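**Q** Please read through the structure below; I'll follow up with questions.
The values are calculated or read from the model by the stated rules, or taken from the named source; none is laboratory data. Source: prediction; values computed, not measured. Here the Cβ positions follow ideal geometry from the backbone for every residue, glycine too, while neighbour counts run over all protein chains shown.
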Amino acid sequence: MDKNYKSGFVSIIGRPNVGKSTLLNHLIGQKIAITSSKPQTTRVNMKGIITDEEKGQIVFVDTPGLHKPHHLLGEQLIKKSISSLSDIEIVLFIVDGTEEVGGGDRYIIENVISKLNKPIFLLINKLDRVPKKEKSRFIQQYTDLFEFTKVFQISAKHGENIDQVIAGIFEVLPYGPLYYDPETITDTLTRDIVGEMIREQLFRLLGDEIPHASAVLIESYKDNPTRNLTSIKANIYVERDSQKGIVIGKGASKIKEIGENARKEIEAMIENKVFLELQVKVMKDWRDNKRNLKRLGYIVD
Ligand SMILES: Nc1nc2c(ncn2[C@@H]2O[C@H](COP(=O)(O)OP(=O)(O)OP(=O)(O)O)[C@@H](O)[C@H]2O)c(=O)[nH]1
Ligand SMILES: [Mg+2]
C-alpha cells in the first residue's frame, strides 16, 4: 500500500427521493442500487466503492431516506441510516434543489447533522431542473441553517459536478489503507441485488401503495455454466390478498411485465441469460411484525 493513499467511508443521507441511490450508481459507474420516482425506495445500506490508483479509496454508503416512520419497517430503516453515520469520515447530505428548504430537511439538519461533528458536504441535486434565477437563493437558504464544509450543485442523474465532489472528498479524507480490493465495487451479494431489481419493478410498475407493502425474497439462485443460464426463483410478498391480485394483474399480465423487465436488468448486470420465476404470496402485515421483518432481512440481530 502506498503511504500517500487516502481512504475512508462516506455516508449519503437525506430525505426520501432526493437522489441518493442515483448518485451512488453514478459514482461507481454501474447500477447496483435501485431507484424510483416514489419516496422510500431504498431499504438497505448499500456500499459502493471507488478506487483511484493514485489517490486512494472511497467507500460510499447509500442509505434509506430519512422520514417520519409509520411502521416498524420505517423505524428500522431510519435506524439503519443513522447507524451508517458512526465510523465514517464524511457525510454527503443530499437535498432536492428543485424545492425550497422544507421541514424534513430542517429536521435532519437540526437533529442529525448538527450533532455529528464531522465534515458535512451539502449536495444540492437535480441541478438540471433548477431554474437559473433560483440557484443562488436555494443555496443561501441551506447555508443560513448550517455551516457546511463544502457545497456543490450537482445532477446525480446526468453526472454534473460529480468529479468535483470526488475531488473534494479526497481533499478531506485522511491517509489510510485500502479497505477492499481495487476491483471491488460493492460488498452486496449479487443475489441480493437481484432481489432489489425485482423490487424496483414493483416500484416502477405499480401504484403508490403496493410497492411500500411489498418485499422480495430470493428462494433459489442456480448458475448452469454448461447452458450459460442462471435460474432464479423469487417470492414477492404483499400484505393482503387484494394486493396479491393487483400484482398478478388481469390474466397474469402485470406479473409478466414485472418479470420481463427485471429479467432484462438482471441479465445486463450478470452478463448471462436468466430464467426468472416469480411467485406472489401474502405475509400479513409484515411491515409491523418483528419476526417477519427478520425473515425478510430488514432486521439483522
Ligand atoms: N431531474 C433529475 N432527477 C433526478 C436526479 N437525481 C435523481 N433523480 C430522480 O429522482 C428520483 C429519486 O431518485 P432516487 O435515487 O431513487 O432517490 P433516493 O434519495 O435514493 O430515494 P429513497 O431511496 O426513497 O430515499 C428518481 O426518479 C430519479 O431519477 C437529477 O439529478 N435530476
Ligand atoms: Mg434510494
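**Q** Is it the case, given these coordinates, that THR42 is within 14 Å of ligand 2 (Cβ to nearest atom), touching a helix residue (DSSP H, G or I) at 6+ places or on another chain (Cβ under 6 Å) and not in a strand (DSSP E or B)?
**A** Details: within 14 Å of ligand 2 (Cβ to nearest atom): yes; touching a helix residue (DSSP H, G or I) at 6+ places or on another chain (Cβ under 6 Å): yes; not in a strand (DSSP E or B): yes.
Considered against the rule, which asks whether it is within 14 Å of ligand 2 (Cβ to nearest atom), touching a helix residue (DSSP H, G or I) at 6+ places or on another chain (Cβ under 6 Å) and not in a strand (DSSP E or B), THR42 comes out as yes.
**Q** When region 166-195 is examined, which residues are found to be assigned to a helix (DSSP H, G or I) and either closer than 25 Å to ASN17 by Cβ or modelled with pLDDT under 95 (or both)?
**A** ILE166, GLY168, ILE169, ASP192, ILE193, VAL194, GLY195
**Q** Among the residues of region 123-148, count how many are touching a residue at least 40 places away in the same chain (Cβ under 8 Å) and either at positive phi or under 24 Å from the mean Cα position of the chain (by Cα) (or both). Step through it out loud before you land on a result.
**A** First, pick out the residues of region 123-148 that are touching a residue at least 40 places away in the same chain (Cβ under 8 Å): 123, 125-126, 138, 141-142, 145, 148.
Okay, now just the ones that are also either at positive phi or under 24 Å from the mean Cα position of the chain (by Cα) (or both), so 123, 125-126, 142, 148.
Adding up the residues that qualify gives 5.
**Q** Between ILE258, ILE299, ILE270, which is within 24 Å of the chain's Cα centre (by Cα), hydrophobic (A, V, I, L, M, F, W, C) and within 22 Å of ILE78 (Cα to Cα)?
**A** ILE299
**Q** Here's a follow-up. Cβ-Cβ below 7 Å, separation at least six or inter-chain, first residue in region 228-241 and at positive phi, second at pLDDT 95 or above: which pairs?
**A** Hits for this filter: ASN228/ASN272; ASN228/LYS273.
**Q** Another question about this same structure. Which of the following residues is within 14 Å of ligand 1 (Cβ to nearest atom), under 19 Å from ILE108 (Cα atoms) and either in contact (Cβ under 8 Å) with a residue 12 or more places away in the chain or among the hydroxyl-bearing types (Ser, Thr, Tyr) (or both): THR35, THR42?
**A** The conditions single out THR42.
**Q** Out of all the residues in region 25-39, which are outside any loop (DSSP other than H, G, I, E, B), hydrophobic (A, V, I, L, M, F, W, C) and within 14 Å of ligand 2 (Cβ to nearest atom)?
**A** Across region 25-39, the qualifying residue is only LEU27.
**Q** Which residues, counting only those in region 142-165, are assigned to a helix (DSSP H, G or I) and surrounded by fewer than 17 Cβ atoms within 10 Å (Cβ to Cβ)?
**A** THR143, ASP163, GLN164
**Q** Filtering region 1-24 down to residues that are β-branched (Val, Ile, Thr) and not in a helix (DSSP H, G or I), which residue is farthest from MET197 (Cα to Cα)?
**A** Only one residue fits best here, namely VAL10.
**Q** Taking region 14-32 as the search range and keeping residues that are out of contact with any Gly (no Cβ under 8 Å at 6 or more places or on another chain) and more than 9 Å from ligand 1 (Cβ to nearest atom), which one is nearest to VAL165 (Cα to Cα)?
**A** Our first condition is that a residue be out of contact with any Gly (no Cβ under 8 Å at 6 or more places or on another chain); within region 14-32, this holds for 19, 21-23, 29-31.
Next, only the ones that are more than 9 Å from ligand 1 (Cβ to nearest atom) stay: 29-31.
Numbers: GLY29: 15, GLN30: 18, LYS31: 19 Å.
The selected residue is GLY29.
**Q** Considering only region 93-106, state which residues are closer than 22 Å to LYS150 by Cβ, free of Cβ contacts under 8 Å to residues at least 40 places away in the same chain and assigned to a helix (DSSP H, G or I).
**A** ARG106 - this is the single residue of region 93-106 that is closer than 22 Å to LYS150 by Cβ, free of Cβ contacts under 8 Å to residues at least 40 places away in the same chain and assigned to a helix (DSSP H, G or I).
Conditions (1) under 23 Å from VAL44 (Cβ atoms); (2) in a strand (DSSP E or B), marked per residue:
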| site | (1), (2) |
| --- | --- |
| ASP208 | yes, no |
| ILE218 | yes, yes |
| LYS222 | no, yes |
| ILE232 | yes, yes |
| SER242 | no, no |
| LYS256 | no, no |
| LYS264 | yes, no |
| GLU267 | yes, no |
| LYS281 | yes, yes |
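**Q** Further, regarding this structure: Any residue at all in region 85-92 that is in a loop (DSSP other than H, G, I, E, B), of a type in the set (D, E, K, R) and surrounded by 18 or more Cβ atoms within 10 Å (Cβ to Cβ)?
**A** yes
**Q** Quick check on this structure: which one of VAL95, VAL61 is more than 18 Å from ALA33 (Cβ to Cβ), crowded, with 21+ Cβ neighbours inside 10 Å and either among the acidic types (Asp, Glu) or within 14 Å of ligand 1 (Cβ to nearest atom) (or both)?
**A** Just one listed residue meets the conditions, VAL95.
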